[in-house]
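Each remark here refers to the structure printed beneath this line.
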There are 2 protein chains.
Amino acid sequence: METAPVVDLETLRRNCANCSLRQLCLPAGIVASDVERLDRVVKRRKPVARGEHLFRVGSGAARIYVAREGSFKTVACSADGEQQVIGFHLPGELIGLDALGHGQHRCDAIALENARVCEVPLEELHHVAAQVPGLQRQLLRVIGRSMGRDQDHLEMMSRRQANDRVMLFLHSLSQRFETLGQDGSAFALPMTREDIGSYLGLVIETVSRSFTKLQDDGVIAVRGRQVRLLQQRQIADAVHGHALH
Amino acid sequence: METAPVVDLETLRRNCANCSLRQLCLPAGIVASDVERLDRVVKRRKPVARGEHLFRVGSGAARIYVAREGSFKTVACSADGEQQVIGFHLPGELIGLDALGHGQHRCDAIALENARVCEVPLEELHHVAAQVPGLQRQLLRVIGRSMGRDQDHLEMMSRRQANDRVMLFLHSLSQRFETLGQDGSAFALPMTREDIGSYLGLVIETVSRSFTKLQDDGVIAVRGRQVRLLQQRQIADAVHGHALH
DNA sequence: CGGCTAGTTGACAAGCGTCAAGAATTGTGG
DNA sequence: CCACAATTCTTGACGCTTGTCAACTAGCCG
């Protein structure tokens with residue numbers, strides 16, 4: 001058996017240049033020869049099993065991660081052990097930016113399903129970015145998009161009605177799935193109701209009741225983690241602040 | 001009268017190298033000669049009057065700003081005109097990062113008092129950062145700190161009790177004033193109760209009641225916008241999640 | 001002095017958290 | 001492949017916090 005070709009294929013498939021997410025990720029808008037330079041500093045990591053930590057609060061942050069397959073949650077922990085989900089990370093989205101400010105992670109990152117990540121050492125990224133003009137710009141762009149998702153999250157939290165929060169949440173997920181080229185009107189939630197509740201500042205019972213209410217109103221169809229958005233119009237209206245009664 | 005020396009003094013005072021905020025801002029950790037290169041691309045702007053907009057939703061973002069004197073709020077607007085304060089910006093803190101993702105501002109920035117800002121054109125900043133190794137790192141650091149404040153905000157919003165939100169808010173402000181070398185235990189709020197309410201997801205009446213309650217409990221002393229933190233210990237406990245009854 | 005905005009306080013009710021029980025789904029070992 | 005356990009999720013009843021509405025007070029500036 002010839003193993004060499006298999007290794008080559010594997011390597012090729014794992015290159016930034018051949019990655020299906022490259023348009024969303026750091027290589028976007030960078031010429032091929034420069035992508036290769038970026039590629040050399042990116043480490044492809046072993047799969048992360050469901051429930052496994054990618055990093056923990058307090059650990060130093062010499063690198064940032066990109067979800068490659070599967071999704072993650074980031075969880076901030078109070079001193080008393082109370083936890084709060086502060087972000088979900090779908091493929092192509094950055095993980096670990098929370099440590100940029102003071103060099104230590106402020107949250108745990110946990111895989112919601114069996115997943116893979118790319119690992120980018122910050123020091124080497126800086127080195128390449130100094131030489132590749134587009135990379136620095138693209139880095140700020142993906143960081144900016146990450147901040148945009150955080151702002152979306154904040155806008156969910158600012159809604160007083162649980163139903164509105166849940167609708168905004170579903171809308172946001174829908175958009176992100178569509179960005180990934182997937183169906184934004186029907187998808188499987190990668191997280192539990194508990195995670196959703198923590199993320200939205202609601203208890204699990206309220207999340208459950210909201211799903212039921214939205215289904216009764218014909219806005220969505222839910223069965224377990226499978227969700228279908230039936231009245232995207234009504235959801236979009238809620239997103240833009242028009243009251244829904 | 002010799003006007004020339006006056007101009008020189010003015011210019012000197014306004015340089016990054018002589019700025020009292022330089023340790024918190026982009027020049028931190030950069031050697032003098034490189035600070036000068038940064039300095040050349042930074043534009044010192046006219047004062048921004050209280051209530052005046054620094055930028056508006058939808059406007060393109062070729063630059064980022066640093067509050068220099070006075071503070072700002074950023075306000076996200078739903079389509080129906082409902083507004084939500086998503087951030088406060090004290091001197092030394094960045095404003096305008098919300099446009100990094102898609103090139104358009106997602107919020108209005110409004111001066112809370114008569115203020116001044118420094119204006120940094122992004123394109124030229126990239127140019128300098130590519131040549132000054134420390135600047136790129138420092139840029140990510142200040143962006144990271146900005147994200148850290150956003151995370152603090154999220155943690156306020158995730159508290160269920162209005163009192164906890166207000167205490168976390170006061171604690172956060174206190175820390176930020178101390179970072180500026182000011183007294184963190186007694187300060188003047190630059191924003192209205194309405195702004196605080198919007199920022200914390202509470203109505204103005206609830207904010208008012210929380211202030212009164214905290215004062216009755218001897219945790220703080222409030223008189224209008226003047227606040228004094230009396231039991232920092234109790235506030236710190238609330239921050240770390242220990243219940244306060 | 002008078003008008004305006006900002007802030008405070010009270011009464012009431014609605015929405016959500018809490019507690020409790022049960023149903024549905026997933027995982028595991030025989 | 002089934003049975004059983006462990007999660008995960010749903011539903012109901014009840015009470016409390018907070019939003020809503022309203023009236024009033026305190027500052028501020030012309």
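The values are calculated or read from the model by the stated rules, or taken from the named source; none is laboratory data. This one's a predicted model, so the numbers in the text were calculated from it and none came from an experiment. Positions of Cβ are backbone-derived with ideal geometry, glycine not excepted, and every protein chain shown enters the neighbour counts. Quick note on the areas: whole protein, heavy atoms, side chains included, nothing else; ligands and nucleic acids left out. Shrake-Rupley method; radii C 1.70, N 1.55, O 1.52, S 1.80 Å.
Filter region B:20-39 down to the residues that are in contact (Cβ under 8 Å) with a residue 60 or more places away in the chain and assigned to a helix (DSSP H, G or I), then identify the one that is most open to solvent (accessible area, probe 1.4 Å).
Step by step, filter region B:20-39, then rank; the result is B:R37.
Please work out which one of (1) crowded, with 19+ Cβ neighbours inside 10 Å; (2) modelled with pLDDT under 90 is the condition A:A17 fails and give its number.
Failing condition for A:A17: (1).
Among (1) within 16 Å of DNA strand D (Cβ to nearest atom); (2) facing chain B (nearest Cβ under 10 Å); (3) hydroxyl-bearing (S, T, Y), where does A:S146 come up short?
Unmet condition: (1).
Name, by its number, the condition in (1) of a type outside the set (G, A, S); (2) open to solvent by less than 70 Å² (accessible area, probe 1.4 Å); (3) away from DNA strand D (no atom under 11 Å from the Cβ) that does not hold for B:L200.
If we test B:L200 against (1) of a type outside the set (G, A, S); (2) open to solvent by less than 70 Å² (accessible area, probe 1.4 Å); (3) away from DNA strand D (no atom under 11 Å from the Cβ), just (3) comes out false.
If A:V239 meets every condition in (1) modelled with pLDDT under 95; (2) within 30 Å of A:R68 (Cβ to Cβ); (3) within 16 Å of DNA strand C (Cβ to nearest atom) apart from one, which number is that one?
Every condition holds for A:V239 apart from (3).
Looking at the structure I just gave you, is B:E119 within 16 Å of DNA strand D (Cβ to nearest atom), touching a residue at least 60 places away in the same chain (Cβ under 8 Å) and not in a helix (DSSP H, G or I)?
Here the answer is no, as B:E119 does not meet what is asked.
Collect the residues in region A:141-163 that are in contact with a helix residue (DSSP H, G or I) (Cβ under 8 Å, 6 or more places away or on another chain), open to solvent by less than 30 Å² (accessible area, probe 1.4 Å) and either over 16 Å from B:Q84 (Cα atoms) or touching a residue at least 12 places away in the same chain (Cβ under 8 Å) (or both), keeping them in residue-number order.
Passing the criteria: A:I143, A:G144, A:S146, A:M147, A:H153, A:M156, A:M157, A:A162.
Considering only region B:203-226, state which residues are open to solvent by less than 60 Å² (accessible area, probe 1.4 Å), more than 24 Å from A:H153 (Cβ to Cβ) and within 10 Å of DNA strand C (Cβ to nearest atom).
Answer for region B:203-226, where residues must be open to solvent by less than 60 Å² (accessible area, probe 1.4 Å), more than 24 Å from A:H153 (Cβ to Cβ) and within 10 Å of DNA strand C (Cβ to nearest atom): B:S208, B:F211, B:V222, B:G224.
Would you mind telling me which numbered condition in (1) at the interface with chain B (Cβ under 7 Å from one of its Cβ atoms); (2) at pLDDT 95 or above A:P133 fails?
(2)
Kindly list the number of the only condition in (1) within 13 Å of DNA strand C (Cβ to nearest atom); (2) of a type outside the set (G, A, S); (3) at pLDDT 95 or above that fails for A:L229.
Unmet condition: (1).
Looking at region B:180-197, can you tell me whether even one residue there is small (G, A, S), open to solvent by less than 30 Å² (accessible area, probe 1.4 Å), within 11 Å of DNA strand C (Cβ to nearest atom) and within 14 Å of another protein chain (Cβ to nearest Cβ)?
yes
Criterion first (in contact with a strand residue (DSSP E or B) (Cβ under 8 Å, 6 or more places away or on another chain) and away from DNA strand C (no atom under 11 Å from the Cβ)) does A:L168 satisfy it?
In short, no.
Looking at region A:206-229, I want the residues that are under 13 Å from A:A186 (Cα atoms) and have a partner that is open to solvent by 70 Å² or more (accessible area, probe 1.4 Å) and outside any strand (DSSP E or B) with Cβ atoms under 7 Å, at least 6 apart or on another chain. Which pairs are those?
Note: pairs meeting the criteria are A:V219/A:L230; A:I220/A:L230; A:A221/A:Q215; A:A221/A:L230; A:V222/A:Q215.
So which residues in region A:118-127 are more than 7 Å from every other protein chain (Cβ to nearest Cβ) and either open to solvent by 10 Å² or more (accessible area, probe 1.4 Å) or on the phi > 0 side of the Ramachandran plot (or both), if there are any at all?
The answer is A:C118, A:E119, A:P121, A:L122, A:E123, A:E124, A:H127.
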